[in-house]
Amino acid sequence: MTSFQWQSLVPILPEITMAVGAMALLMVGVFRGDKSAQLLNILSIGLLLTVLGLILGITPFTLTTLNNALITDSFSQFGKAVIAVGLMAALLLSHRDLREGVMGRFEFPVLVLLSGIGMMLMVSANNFLSLYVALELQSFPLYVLAALRRDNAQSAEAGVKYFILGALSSGFLLFGISLLYGFAGTLDFSLLAGTLMQNGAVPGAVIGMVFVLTGLAFKISAVPFHMWTPDVYQGAPTIVTSLFAIVPKIAAILLFLRLLNGPFAPLTPDWIQIIIFLSIASMIWGALAGLVQQNIKRLLAYSSIGNMGYALLGVLAASPEGTASVLLYMTIYMIMTAGTFAIILSVTRHGEGVESLHGFAGLSKTSPAKAYALAALMFSMSGIPPLAGFFGKLFVFQSLLESGFYIVAVIGVVTSVVAAYYYLKIIKIMFFDEQQESFDDAPSSQARYFVAALSLAFVLFFIVNPNVLMATTRIAAQSLFG
């Protein structure tokens, strides 16, 4: 009988630290109540900074732990670092509401941390059992967060819709996993890849893969599994919506990449057809449905659906270059989204956040700094050069063309042009429409200004030295392909 080696836990030290820290903060909240919400938020940000240091400090070799259930490599380390930064941004955006608003509940930062543990484990999953546990650990705190405003009917509705459709997606995922296990007799990614390589695309394995991908498509809100997204984005409290928009989809996209280029690599001709459909449908529906939206959160929901379509274009390449383009695109998208929500949250009227698009009319006259910052972020999201968003789409399309998907690339460019209309519509409303009511004069949270400033600086000055992030994404992508 071999003794347990504590050194084997080093690869998951960030997750262990987060779990222990979250439990400690939960105990503080239990004894001090909601008055500790702001303190717990600050401590959670400090904990995430510590975790980020641990992630960056782990030697970037490929290591497995817990009987090969989890893997740590450059790919997972990059994903975990981006997730930690995204979680910190979401907590910074929520700081003022936890201090002053109806959202001052101590559970908020604890639930964010618990969901973050699931996200980090998702990008390290190396078999389907750890994948499922990580996915559910990510999802359950988000269901609670969506319904955190129990006195608000829209928030309760958002939580119920998210939970029911999330449970449905978990059912698809589990059914697919059971089919794959019945075919291959293993849950391990490497062993499954070997079995598929040996036996080829047998119907049972292909059907199992389809169900697994269907379950994950729910998580990234790819069309036609996007139904929950607009309603949940609109109904959830805005600080919760910002969390949904900034972080979880990064973990899901990275899990897509690990699955498709790992255990499902022998089935590439089969899954490429699925990804083509998901990406084209998401880009088209995200562009067209967004045109008629009058609520800023619903519009950003359809924007996120379209952006997941563009991210899936890089997945199609099934190459290190394509994977690197997806990592770059998702990082840029996360930073742009964080800045956008930082500004949206800082625009209030009568103490309430402005959600109607026409509610932003005249913002350039009363708060020109916010208007110009939001305009720059909207230009970047629409892919206008030389802003960061342009480079995100450029490298995705470049990897797609190198792989020969010319028609899909043309569709992507056309839908990007169509989607630019609703980004430009926001700018037009802010600068040219007449203001109906005055905005609140009270200054917003300094934390939100900090997030907005960092996001804006990244978007504007990414062109100065893009090679640092691009080189990092290439190293991360290469580790996925051995």
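The values are calculated or read from the model by the stated rules, or taken from the named source; none is laboratory data. Please read all numbers here as calculations on a predicted model, not as lab measurements. Glycine also receives a Cβ, built like all others from the backbone with ideal geometry; neighbour counts cover every protein chain displayed.
This table checks each residue for (1) surrounded by fewer than 15 Cβ atoms within 10 Å (Cβ to Cβ); (2) at pLDDT 90 or above; (3) within 22 Å of G306 (Cα to Cα); (4) in contact with a Leu (Cβ under 7 Å, 6 or more places away or on another chain).
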| site | (1), (2), (3), (4) |
| --- | --- |
| Y406 | yes, yes, yes, no |
| T415 | no, yes, yes, no |
| Y421 | yes, yes, yes, yes |
| M430 | no, yes, no, yes |
| Q436 | yes, no, no, no |
| R448 | no, no, no, yes |
| I463 | yes, yes, no, no |
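The residues on offer are L401, L469, and the sole one that is surrounded by 15 or more Cβ atoms within 10 Å (Cβ to Cβ) and either without any contact (Cβ under 8 Å) to a residue 24 or more places away in the chain or not hydroxyl-bearing (S, T, Y) (or both) is L469.
Quick one: is I164 within 21 Å of Q234 (Cβ to Cβ) and among the hydrophobic types (A, V, I, L, M, F, W, C)? It is true that I164 is within 21 Å of Q234 (Cβ to Cβ) and among the hydrophobic types (A, V, I, L, M, F, W, C).
Looking only at the range 205-258, how many residues end up being outside any helix (DSSP H, G or I) and at negative phi?
10
Restricting the search to helices (runs of 4 or more DSSP H) fully inside the range 393-482 and requiring at least 1 residues that are farther than 30 Å from A318 by Cβ gives 406-432, 446-461. When the range 337-358 is filtered for residues that are closer than 21 Å to D97 by Cα, in contact (Cβ under 8 Å) with a residue 60 or more places away in the chain and not β-branched (V, I, T), the ones remaining, listed by number, are A338, G339, F341, A342, L345, S346, R349, H350, G351, G353, E355, S356. Hey, could you check the range 325-366 for residues that are within 15 Å of R448 (Cα to Cα) and polar (S, T, N, Q) and say which is farthest from the chain's Cα centre (by Cα)? Looking at residues that are within 15 Å of R448 (Cα to Cα) and polar (S, T, N, Q), I get T348.
hydroxyl-bearing (S, T, Y), in contact (Cβ under 8 Å) with a residue 40 or more places away in the chain and assigned to a helix (DSSP H, G or I) - does that describe any residue in the range 140-154?
Let us first name the residues in the range 140-154 that are hydroxyl-bearing (S, T, Y), namely 143.
Now drop any that are not in contact (Cβ under 8 Å) with a residue 40 or more places away in the chain, which leaves none.
The answer is no, given that none of the residues of the range 140-154 is hydroxyl-bearing (S, T, Y), in contact (Cβ under 8 Å) with a residue 40 or more places away in the chain and assigned to a helix (DSSP H, G or I).
Just one residue in the set F31, F61, F75 is at pLDDT 85 or above, among the aromatic types (F, W, Y) and over 28 Å from T340 (Cβ atoms); that residue is F31.
Filtered by the rule that a residue be closer than 15 Å to A217 by Cβ and not hydrophobic (A, V, I, L, M, F, W, C), the range 162-197 gives G166, S169, S170, G171, G176. Among residues of the range 98-108 being surrounded by fewer than 23 Cβ atoms within 10 Å (Cβ to Cβ) and in a helix (DSSP H, G or I), the one that is modelled with the lowest pLDDT is E100.
The C-beta contact set for the range 360-371 (first residue more than 20 Å from F341 (Cβ to Cβ), second residue assigned to a helix (DSSP H, G or I) and not aliphatic (A, V, I, L, M), distance under 9 angstrom, 6+ apart or interchain) comprises G362/F431; K365/F431. Consider the range 260-277 and keep the residues that are more than 18 Å from Q478 (Cβ to Cβ) and in contact with a Phe, Trp or Tyr (Cβ under 8 Å, 6 or more places away or on another chain). The one that is surrounded by the fewest Cβ atoms within 10 Å (Cβ to Cβ) is I276.
The residues of the range 39-78 that are among the hydroxyl-bearing types (S, T, Y) and part of a helix (DSSP H, G or I), listed by number, are S44, T50, S74, S76.
As for the range 17-28, it holds no residue that is over 25 Å from the mean Cα position of the chain (by Cα), of a type in the set (G, A, S) and crowded, with 16+ Cβ neighbours inside 10 Å.
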